[in-house]
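Colleague: The structure follows.
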Amino acid sequence: EGRLVESGGGLARPGRSLRLSCVASGLTFDDYAIGWFRQAPGKERERVACISSNSVNTDYAVSVKGRFAISRDNAKTTAYLQMGSLKPEDTAVYYCAALWMPGNTCGAQAHQYDWWGRGTQVTVAP
């Protein structure tokens, strides 16, 4: 039943910032780790970042480390991906996903996630 809805995508210039939001419903949000994934044309889906259910742990792909920040507000059942210093290679469809995993742990492979949003397009171009 879990539903995730992404928003905040669009066109951004290189070097600028964008914030994505993921609103969840139909699940006990504070029992789920949240992951942000992206997929560009012709490329495999990759995990960009994840955050544990209690916000204790986060993890980032090397390609975005230092530029992106994942966060969550359990009271609002919402997760965020703050993207800064955007590059053209960040262009992709971005998905949020939820995995039942209470506690401090975040990771996991994409196929293990329980619920997925439908994605939001992010385009970085001059």
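The values are calculated or read from the model by the stated rules, or taken from the named source; none is laboratory data. The model shown is predicted, which means the values in this text are computed figures rather than measured ones. Neighbour counts are summed over all protein chains in view; Cβ atoms, including those assigned to glycine, are modelled from backbone coordinates with ideal geometry. With ligands, DNA and RNA removed, areas are computed over all heavy atoms of the protein, side chains included. Shrake-Rupley method; radii C 1.70, N 1.55, O 1.52, S 1.80 Å.
Colleague: In the chain, carbon and sulfur make up what percent of the accessible area (probe 1.4 Å)?
Modeller: 48 percent
Colleague: In addition: Please list L4, L18 in order of solvent-accessible area, largest first, computed with a 1.4 Å probe with all protein chains present.
Modeller: I get L18, L4, largest accessible area first.
Colleague: Skip the ligands, DNA and RNA, and give the accessible area per residue of the chain with a 1.4 Å probe, whole Å².
Modeller: On a per-residue basis, the chain sits at 51 Å².
Colleague: Counting other Cβ atoms within 10 Å, keep those with at most 16, restrict to DSSP loop, and tell me which trypsin sites (Lys or Arg not before Pro) in the range 1-105 are left.
Modeller: Of the trypsin sites (Lys or Arg not before Pro), the ones in loops of the range 1-105 whose Cβ has at most 16 other Cβ atoms within 10 Å are R16, K43, R45, K65, R67.
Colleague: Looking only at T28, T77, T58, which one moves most when the chain is put into a Gaussian network model with springs between Cα atoms under 10 Å?
Modeller: Maximum among the listed residues: T28.
Colleague: Full extension from A125 to A61: what is 0.36 nm times the residue separation minus their Cα-Cα distance, to one decimal in nm?
Modeller: Extending this stretch completely gives an extra 20.9 nm.
Colleague: In what sequence, largest accessible area first, do L11, L99 appear using a 1.4 Å probe?
Modeller: I get L11, L99, largest accessible area first.
Colleague: If you find the alpha carbon centre of the range 1-71 and of the range 81-126, how far apart are they in angstrom?
Modeller: Their Cα centres are 3 Å away from one another.
Colleague: Take the chain, mark every one of the GluC sites (Glu not before Pro) that falls in a DSSP loop and has at most 11 other Cβ within 10 Å, then report the longest stretch left between them, sites excluded.
Modeller: Excluding the exposed sites themselves, the longest stretch runs over 45-126.
Colleague: Enumerate the calculated ³J(HN,Hα) couplings along the range 31-44 in order (Karplus 6.51 cos²θ - 1.76 cosθ + 1.60, θ = phi - 60°), each rounded to whole Hz, writing x wherever the residue is Gly or Pro.
Modeller: 9, 10, 6, 10, x, 10, 10, 9, 9, 9, x, x, 10, 6
Colleague: Ok, one more. So, counting K/R as plus one and D/E as minus one, what does the shell of residues with Cβ under 13 Å around L4 add up to?
Modeller: Taking every Cβ under 13 Å from that of L4, the sum is 0.
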